[in-house]
Amino acid sequence: MFNEKSESPRKKEGKSQFVGSRIGEKEREILSKLQETSGLSKTQLLLKGLEVLGEYYSLGLDQSPISIELTRFETEALRYAEAIRQIRQRGQAIKLIVQELRDVDAIIDKHEGDRSRLIQILLDVQKKYGWLPKLALMWISERLDVPMARIYSVATFYKAFSLTPRGRHTIRVCMGTSCKVRGAPTLLDNTRRALGIEPGQTTPDAKFSLTTVNCLGCCALGPMMTVDDEYYGRLKVTDVKRILAKYS
Amino acid sequence: MAKIKYVSSPEDLERLRREIIAKREPSKPCITVCVSTGCAAQGSRRVVEAFRAELEKQGLKDKVEIKETGCVGFCEQGPRVTVYPQEIYYFKVKPEDIPEIVSKTVLKKQIVERLLYKDSITGRTAQKLEEIPFYKYQLRLLLENNTKIDPKNIEDYIAVGGYSALAKALFEMTPEQIIEEVKKSNLRGRGGGGFPTGIKWETTRNAPGEPKYVIVNCDQGDPGAFMDRTVMEGNPHSVLEGLIIGGYAIGAHQGFVYVREEYPIAAENISIAIKQAEEYGLLGENIMGSSFSFNVKVHRGAGAFVSGESSALMTAIEGKVGEPRPKYIHTAIKGIWDKPSCLNNTKTWATIPLIILKGAEWFRSIGTKGSSGTMIFSLVGKVNNTGLVEVPMGITLRDLIFKIGGGIRGGKKFKAVQTGGPSGGFIPEQYLDTPVDFDELTKLGSMMGSGGMIVMDEDTCMVDMARYFIDFLLEESCGKCVPCREGLKALSKILNDICEGKGKDGDIETVRDVAEVMRDASLCALGRTAANPVLTSLKYFRDEWEQHIKFKRCPSKACKALISYYIDPEKCQACTLCLRECPAGAIQGGKDQVHWIEQEKCIKCGTCYEACNFAAVKKLSGEPIPPTLKGVKPIRKKVVR
């Protein structure tokens, strides 16, 4: 804010505007935008900023370990925003994660913050977001006082969890024994080829994720697959294209 | 009046039962539709909606009851609809059939012939279950009530006599008497191991340490078996009642139900059942006014086969990675949080109320000497009638597959049956007359497992199947102990090589050596039994292995690397169907020109083989491909289909 270097136009304009600090064209633009969006005058903005700052210091948020944790979460928030390709602005990203952390909080509360319910909590988070965002895991680690290493060990051990965002539709091809003897491998091959991805991957347009499953318990209908909650049984390899075309 | 619903004595339960039954008119039409996974996948939810809409339209909403029930096992013929009081079973019902069922069967008591089960061989139709060959040889103890009760309604279960076993256990028997009765009944663990249930209970009861835990294992990870799900989905209260009785007998006050993640309906239904039982005073503090208190928590799995192993499952309940641990001290003594924990399979728990009510003698009169009672098998694979069958122990494999299962699909030849999931083995034709029970199957190198029974025909390659199970276990092995982790890797490598035509002399011996080390030195049952499919496949089908290794030939024409597709110019009708479907563009020819496959382009996906309506596409293995004829006119034939 007090940077002298950016004030090159000063010479031309003379000593016209002195408002606490000397500002250039660029800064003025930012200021007027700020005033526009918040509906506050510059002095009101300054007051508000000071208030927040005062609050920040009086709560002792500048002291470690809180300040370190805050930076950590801020960094994660930006990464997260990038990962889901939604938000570029820091403020919005932070607002979003605060909301998400509240959601995770609610899930943990539902399980009474019980450490032995870790798998259940992760299942609920997975269900809510379709994957396990790192932030949510950090939050769980913080709330349950369980090291991240253990959370990762659980999250990577089980098939139900995904550490990367999934596509809009999840295709599960059953590879159970009954489906296998009735031709599941060829079905999987064709699905793989039609989507251009391997099991465990998501198409670049984030439309489909492909996974295999050991048995869906619909052995009488094999070979079969599910797309989201819809079951498709007694499939022929030629059916794959038709089914995929149904989804957008 | 609301108070009466809370059962605070055995008399209350009887009164409640009488009230529920009195409320229901036996002559009132009732339609039950199966909504468990198998039928739901075939659209039974839409059938239910169609019924609701139709009854509304005809103004019969209050006169006819609709129930969403569990599975009767005949998934092949789903969706299933039963009309009471006549008890007529309709199969393969579609939403379009509903108006006819309502106007004919419900109103006029007539039968809709075309929806009845029709035997594909004799052509005879059947109204009742017992008339259908699939059911004729069954003895349904656990699955019987699945058509009658709505699993989400505890009153339905009470109406058919539910919770009276619990009343008897709590008020007429001591814990010791219950354990004695279970021991006398000779009930053995239905999860596959076949350990005597009564002895397990006694061990936990006498083990030092409090609190004690009881656990239901509904983590049926075995591919090709789904009876635990069916019991849990269709009749969750029977499992719950058994668990409460077990808790009382063992001295536990906390129970867990571990349900597999892939079974969402089962998890939902048992959660509802627990809530309702608590509301009725059948679970929670001072059950039925006795001094016994008991609580149950549902724990969902997250997709890991090995977590079905008892010690792994208990670790998972503790919230950790579900890995097995050495069992120098059995989990019955040191299980969850190192406390005595008794884990039983879903079906074992569901059997308990029957034993308590009808007595050990009755139970022992069913089945064989070593294995009493019934067993639920999931008869799947290349058999005509697929589904769940509940039969007395000791039935022969031949009866199961040919009488109940209706033989092999498409008139093909039987090759083997695989029992016991990935830990079991293959049983060839010469042993088809073996009676099925825990001990007989073990003698053949297989095992009972949780009751999966996958039938294979001549098109199934036994080397490929062995590879399938090894690859499955390789992925599911937790990697904690070396013999299992490395052994599976080695086996997978060798088997994949053989299936890809890269097998070499000495492979069979190496496989056998590795398998033996795994059997002797692995930490848990997953590793110890992992080699069963390979060993039995080798024992009974060695010739197939040798064909693969020596002649690079797959006799069943299933191993992709060893087969080629070829279009028979004499049969090809030049319809261009395969040509259009081929994803690789490997099929050449055109209208009025017999098609041929460019072998170097062919990716062997089998699309043309399935697409062809004239059976002109052939698989070849270990024989030269006949030279391709280009520009030949097809020999037109009459369309067969």
What are the residues in region B:434-484 that are touching a residue at least 24 places away in the same chain (Cβ under 8 Å) and at positive phi, if any?
-> B:G445, B:G449, B:G451
Can you tell me which residues in region B:194-217 are under 21 Å from B:L141 (Cα atoms) and not hydroxyl-bearing (S, T, Y)?
-> B:G194, B:F195, B:P196, B:G198, B:V216, B:N217
Quick check: anything in region B:28-48 away from chain A (no Cβ under 14 Å) and of a type in the set (G, A, S)?
-> no
Are there any strands (runs of 3 or more DSSP E) wholly within region B:25-132 with 2 or more residues that are hydrophobic (A, V, I, L, M, F, W, C) and in contact with a strand residue (DSSP E or B) (Cβ under 9 Å, 6 or more places away or on another chain), and if so which?
-> B:30-34, B:81-84
Say whether the condition of being among the aromatic types (F, W, Y), part of a helix (DSSP H, G or I) and buried (at least 19 other Cβ atoms within 10 Å of the Cβ) is met by at least one residue in region B:162-170.
-> no
Can you name the condition, by its number, that B:Y135 falls short on among (1) closer than 21 Å to B:S378 by Cβ; (2) of a type outside the set (S, T, N, Q); (3) assigned by TED's automatic domain parsing to the domain that holds B:R45; (4) crowded, with 20+ Cβ neighbours inside 10 Å?
-> (3)
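Please count how many residues of region B:500-542 are within 25 Å of the chain's Cα centre (by Cα) and assigned to a helix (DSSP H, G or I). Outline the logic, then answer.
Of the residues in region B:500-542, the ones within 25 Å of the chain's Cα centre (by Cα) are B:524-537.
Filter again for assigned to a helix (DSSP H, G or I), leaving B:525-529, B:532-537.
Total satisfying the criteria: 11.
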Return the pairs, sorted by first residue and then second, in which the second residue is assigned to a helix (DSSP H, G or I) and among the polar types (S, T, N, Q), the first residue lies in region B:485-499 and is assigned by TED's automatic domain parsing to the domain that holds B:L474 and in contact (Cβ under 8 Å) with a residue 12 or more places away in the chain, the beta carbons are less than 7 Å apart, and the residues are 6+ apart or on different chains.
-> B:I494/B:T510
Meets criteria (under 23 Å from the mean Cα position of the chain (by Cα) and either over 18 Å from B:T386 (Cα atoms) or not assigned by TED's automatic domain parsing to the domain that holds B:S310 (or both)) for B:S477 = yes
Just for region B:432-458: of the residues that are buried (at least 19 other Cβ atoms within 10 Å of the Cβ) and of a type in the set (D, E, K, R), which one is nearest to the other protein chains (Cβ to nearest Cβ)?
-> B:D457
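Yes or no, residue by residue, for (1) over 22 Å from B:S477 (Cβ atoms); (2) within 17 Å of the chain's Cα centre (by Cα); (3) modelled with pLDDT of 90 or more; (4) not aromatic (F, W, Y):
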residue: A:L135; (1), (2), (3), (4): yes, yes, no, yes
residue: A:Y152; (1), (2), (3), (4): no, yes, yes, no
residue: A:S162; (1), (2), (3), (4): no, yes, no, yes
residue: A:T186; (1), (2), (3), (4): yes, no, no, yes
residue: A:T203; (1), (2), (3), (4): yes, no, yes, yes
Look through region B:243-268, keep the residues that are among the aliphatic types (A, V, I, L, M) and out of contact with any helix residue (DSSP H, G or I) (no Cβ under 7 Å at 6 or more places or on another chain), and return whichever of them is modelled with the highest pLDDT.
-> B:A252
Is it true that some residue in region B:187-205 is within 14 Å of chain A (Cβ to nearest Cβ), assigned to a strand (DSSP E or B) and either within 27 Å of the chain's Cα centre (by Cα) or in contact (Cβ under 8 Å) with a residue 60 or more places away in the chain (or both)?
-> no
Taking helices (runs of 4 or more DSSP H) that fall entirely within region A:133-248, which contain at least 1 residues that are more than 9 Å from chain B (Cβ to nearest Cβ) and surrounded by fewer than 21 Cβ atoms within 10 Å (Cβ to Cβ)?
-> A:134-144, A:148-157, A:184-195, A:239-245
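Considering only residues that are more than 20 Å from B:A312 (Cα to Cα) and touching a strand residue (DSSP E or B) at 6+ places or on another chain (Cβ under 6 Å), look in region B:253-268 and name the one that is nearest to the other protein chains (Cβ to nearest Cβ).
Looking at the filtered set, the residue picked out is B:A266.
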Kindly list the number of the only condition in (1) away from every other protein chain (no Cβ under 14 Å); (2) modelled with pLDDT under 90; (3) farther than 21 Å from B:K148 by Cβ that fails for B:P85.
-> (3)
Of everything in region A:100-132 that's out of contact with any Leu (no Cβ under 9 Å at 6 or more places or on another chain) and of a type in the set (V, I, T), which residue is nearest to the other protein chains (Cβ to nearest Cβ)?
-> A:I119
Within region B:459-474, count every residue that is within 22 Å of the chain's Cα centre (by Cα) and among the acidic types (D, E).
-> 1
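Among what's in region B:1-18 and is surrounded by 17 or more Cβ atoms within 10 Å (Cβ to Cβ) and hydrophobic (A, V, I, L, M, F, W, C), pick the residue that is modelled with the lowest pLDDT.
Residues of region B:1-18 that are surrounded by 17 or more Cβ atoms within 10 Å (Cβ to Cβ), as a first pass: B:7, B:10, B:12-13, B:16-17.
This time we only want the ones that are hydrophobic (A, V, I, L, M, F, W, C), so: B:7, B:13, B:16.
Working: B:V7: 89, B:L13: 92, B:L16: 92.
Among those residues, the one meeting the criterion is B:V7.
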Top-ranked residue in region B:403-422 [being among the aliphatic types (A, V, I, L, M) and within 12 Å of chain A (Cβ to nearest Cβ); ranked as surrounded by the fewest Cβ atoms within 10 Å (Cβ to Cβ)] | B:I408
Cβ pairs under 6 Å, 6+ apart or interchain, first in region A:155-180 and within 29 Å of A:R79 (Cβ to Cβ) and free of Cβ contacts under 8 Å to residues at least 40 places away in the same chain, second among the charged types (D, E, K, R) and surrounded by fewer than 24 Cβ atoms within 10 Å (Cβ to Cβ), ordered by first then second residue, are A:A160/B:E261
Note on region B:19-58: residues buried (at least 19 other Cβ atoms within 10 Å of the Cβ) and of a type in the set (G, A, S) are B:S36, B:G38, B:A40, B:A41, B:S44, B:A50
The lone condition B:S271 fails out of (1) within 30 Å of A:A184 (Cβ to Cβ); (2) of a type outside the set (F, W, Y); (3) within 14 Å of chain A (Cβ to nearest Cβ) is (1)
Residues of region B:289-341 satisfying the condition of being of a type in the set (K, R) and either touching a residue at least 60 places away in the same chain (Cβ under 8 Å) or away from chain A (no Cβ under 13 Å) (or both) = B:R325, B:K327, B:K334, B:K339
Please give the number of the condition B:G449 fails out of (1) small (G, A, S); (2) in contact with a Leu (Cβ under 9 Å, 6 or more places away or on another chain); (3) in the same structural domain as B:M518 (by TED's automatic domain parsing).
-> (3)
Restrict the check to region B:105-121 and report whether at least one residue is under 19 Å from B:E233 (Cβ atoms), at pLDDT below 85, touching a helix residue (DSSP H, G or I) at 6+ places or on another chain (Cβ under 9 Å) and acidic (D, E).
-> no
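When region B:240-266 is examined, which residues are found to be in a helix (DSSP H, G or I) and surrounded by 24 or more Cβ atoms within 10 Å (Cβ to Cβ)?
Filtering region B:240-266 down to residues in a helix (DSSP H, G or I) leaves B:240-250, B:264-266.
Of everything in region B:240-266, those that are in a helix (DSSP H, G or I) and surrounded by 24 or more Cβ atoms within 10 Å (Cβ to Cβ) turn out to be B:L240, B:E241, B:G242, B:L243, B:I244, B:I245, B:G246, B:G247, B:A249, B:I250, B:A266.
The values are calculated or read from the model by the stated rules, or taken from the named source; none is laboratory data. Quantities reported herein were computed from a predicted structural model and do not represent experimental measurements. Note that we place each Cβ from the backbone using ideal geometry, even for glycine, and neighbour counts take in every protein chain shown.
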